[in-house]
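The values are calculated or read from the model by the stated rules, or taken from the named source; none is laboratory data. Given the structure is predicted, the values throughout are model-derived calculations rather than measurements. Ideal geometry is used to build each Cβ from the backbone, glycine not excepted, and the neighbour counts take in all protein chains shown. SASA here: full protein model, heavy atoms, side chains in, ligands and nucleic acids out. Shrake-Rupley method; radii C 1.70, N 1.55, O 1.52, S 1.80 Å.
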Amino acid sequence: LGLLYQEYRDKSTRQEIEARRLQDSQTDPEESSPSEETPSEAEPTSTTESKAPPQISLLRNSNSRFNLWQDLPEIRSSGVLSILQPDEIKLQEAMFELVTSEASYYKSLNLLVSHFMENERLKKILHQSEAHILFSNVLDVMAVSERFLLDLEQRVEENIVISDVCDIVYQHTVNHFSVYITYVSNQTYQERAYKQLLQDKPAFREVISQLELDPKCKGLSFSSFLILPFQRITRLKLLVQNILKKVEEKSDRETTALDAHKELETVVKACNEGVRKMSRTEQMISIQKKLEFKIKSVPIISHSRWLLKQGELQQMNGPKTSRTLRTKKLFREIYLFLFNDLLVICRQIPGDKYQVFDSAPRGLLRVEELEDQGQSLANVFILRLLENADDREASYMLKASSQSEMKRWMISLAPNRRTKFVSFTSRLVDCPQIQCVHPYVAQQPDELSLELADVLNILDKTDDGWIFGERLHDQERGWFPSSMGEEILNPKIRAQNLKECFRVHKSDDSQRRKLGSRNRQ
């Protein structure tokens with residue numbers, strides 16, 4: 001395999017984006033009727049009636065070095081392609097991608113170890129403790145990947161038609177993939193140590209730069225190698241999801257795919273929690289030091305508490321009858337810290353401190369938008385504390401700096417409030433959807449980081465370019481710039497995405513129903 005994993009992953013996700021673009025353009029959503037069939041590849045669509053075809057088609061690019069199962073000489077010469085049904089060929093491709101991507105991933109891991117970690121100049125520069133933080137248990141991760149890849153390759157070699165791979169994924173996830181949790185949980189320390197070494201040790205910076213320039217790295221950065229294990233365990237779950245969407249329903253292969261997906265989801269969640277735990281604890285300690293209580297003190301630090309959103313808003317002074325006053329003194333600044341279970345309302349005071357004058361449990365918050373109130377009251381909403389620090393009801397009229405900031409606060413303060421569009425959990429037949437075409441890294445706690453080819457339901461959107469979305473493959477919610485994605489216009493494709501999502505998570509749904517029934521009893 002000629003590609004490093006970073007290249008392989010990028011090509012794979014780009015291919016997914018282009019395939020979805022092509023599907024989305026094949027039927028005009030406004031003119032087509034439910035009975036119309038999607039045009040086949042043999043039937044060219046008019047460029048005046050649909051979008052232009054995608055510019056990149058890895059499926060037809062023989063120079064991409066991105067091999068498909070059906071393009072292998074052994075497969076072509078066997079005649080098996082004329083026997084298998086199209087759906088089975090798609091399934092074979094999905095299983096084959098899981099195997100070849102693991103080979104590419106192992107190749108990149110091996111380069112991280114042999115080219116960077118074991119470099120003699122780097123070893124002399126780094127203290128043993130620094131090297132341990134920087135590379136963590138990558139040797140364990142690589143050993144697990146090698147064992148996993150050997151089992152996958154053995155399965156592929158057993159028969160020209162792959163029987164299954166999800167049973168192997170399941171066994172390795174249960175028995176070996178805990179090494180990923182250890183590695184990923186170290187990520188915060190790793191990133192900090194790397195930045196510190198670049199800053200404090202010119203010799204380290206020089207060696208890393210030289211190693212990155214080696215043709216072996218293909219222009220990829222050292223940090224792109226360090227993050228490989230986290231990217232791989234997340235991607236592996238998506239690859240199993242892709243297989244699950246293609247196996248026949250109520251079959252043994254569906255059962256093994258569901259089992260593998262469930263175990264991978266457990267590992268991915270543990271990885272995410274490991275990353276969040278340390279950063280959240282440090283953040284809570286920092287916030288606690290900045291708060292001074294004018295009211296009865298509330299303990300901020302708790303192992304089950306984390307920050308959801310913080311920021312400045314304008315509070316309206318005086319009773320509601322004074323809303324027509326034309327004066328800038330109508331509003332004054334307040335600062336909110338919103339945690340997953342608590343709201344703290346403050347005023348900023350000198351010395352980067354905040355004086356707390358009210359608080360309330362998050363579950364006792366209600367919000368209400370003010371509409372058509374004129375320019376002076378644009379982006380204004382009412383925040384009600386059903387029970388505040390004085391054990392009484394309180395209301396605040398608050399003004400945000402923009403429409404998106406107002407909506408973001410309202411959704412964070414009252415998460416169960418109905419959004420503009422109904423969520424995934426409502427099981428709607430149709431819902432606005434968007435696919436990510438540019439990766440995005442969340443800048444605020446209420447934002448959602450996006451990977452290429454992520455598909456999301458659009459729950460809300462603002463006029464100033466922000467979308468509140470729910471990602472289909474894990475139901476994570478958050479805000480992101482609308483420029484990061486392309487809306488999926490074809491209702492058939494949206495329905496197909498939802499159907500596949502329900503199928504992937506049906507085991508989760510049945511488990512939730514069992515738990516709900518048990519709780520009611």
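Solvent-accessible surface of region 65-286, averaged per residue with a 1.4 angstrom probe and all protein chains in place: 49 square angstrom.
Within straight-line reach of Lys294, meaning a Cα separation under 13 Å, sit the following aspartates and glutamates at least 8 residues removed in sequence or on another chain: Asp358, Asp390. Of all aspartates and glutamates in the structure, those lying under 19 Å Cα to Cα from Lys353, and not within fewer than 8 positions of it along the same chain, are Glu282, Glu292, Glu312, Glu333.
Sparsely packed loop sites in region 114-191 (the GluC sites (Glu not before Pro) outside DSSP H, G, I, E and B with at most 14 other Cβ atoms within 10 Å) comprise Glu118. Less than 5 angstrom separates the built amide H of Glu447 from those of Trp479, all sequence-distant by 5 or more or on a different chain. Using the 1.4 Å probe convention, the accessible area of region 433-514 works out to 41 Å² per residue with neighbouring protein chains retained.
When Arg366, Arg280 are compared by accessible area of protein heavy atoms, the largest-first order is Arg366, Arg280, using a 1.4 Å probe. Here the Karplus curve 6.51 cos²θ - 1.76 cosθ + 1.60, taken at θ = phi - 60°, turns the phi angles of region 455-469 into couplings of 10, 10, 6, 8, 8, 7, 8, 10, 6, 9, x, 10, 10, 9, x Hz, with x standing for Gly and Pro. The mean sequence separation of alpha-carbon pairs under 8 Å and at least six residues apart, normalised by the residue count of region 433-514, gives a relative contact order of 27 percent. Ranked from largest to smallest solvent-accessible area, with a 1.4 Å probe on the protein heavy atoms, Asp446, Asp87 come out as Asp87, Asp446. The H on the amide N of Leu459, modeled in the peptide plane, is under 5 Å from the matching H of Phe468, Gly469, Glu470, each at least 5 residues off or on a different chain. Residues Val247, Val441 ordered from highest to lowest accessible area at a 1.4 Å probe: Val441, Val247. Computed from backbone phi, the HN-Hα couplings of region 187-203 come to 4, 5, 4, 4, 4, 5, 5, 5, 4, 5, 5, 4, 7, 8, 10, x, 5 Hz, rounded to whole numbers (Karplus: 6.51 cos²θ - 1.76 cosθ + 1.60, θ = phi - 60°; Gly and Pro given as x). Taking the accessible area of region 65-286, probe 1.4 Å, and keeping the other protein chains in place, the carbon and sulfur fraction comes to 52%.
Counting only protein heavy atoms, what percent of the accessible surface of region 433-514 is carbon or sulfur at a 1.4 Å probe?
Values: 1700 of 3350 Å².
For region 433-514, the apolar C and S fraction of the accessible surface comes to 51 percent.
Near the amide H of Glu476, within less than 5 Å, lie the amide hydrogens of Arg471, all on another chain or at least 5 residues away, with H placed in the peptide plane. Can you flag which of Lys407/Lys492; Lys461/Lys492; Lys11/Lys245; Lys237/Lys499; Lys90/Lys262; Lys123/Lys277 are past 25 Å Cα-Cα? Those over the limit are Lys407/Lys492; Lys123/Lys277.
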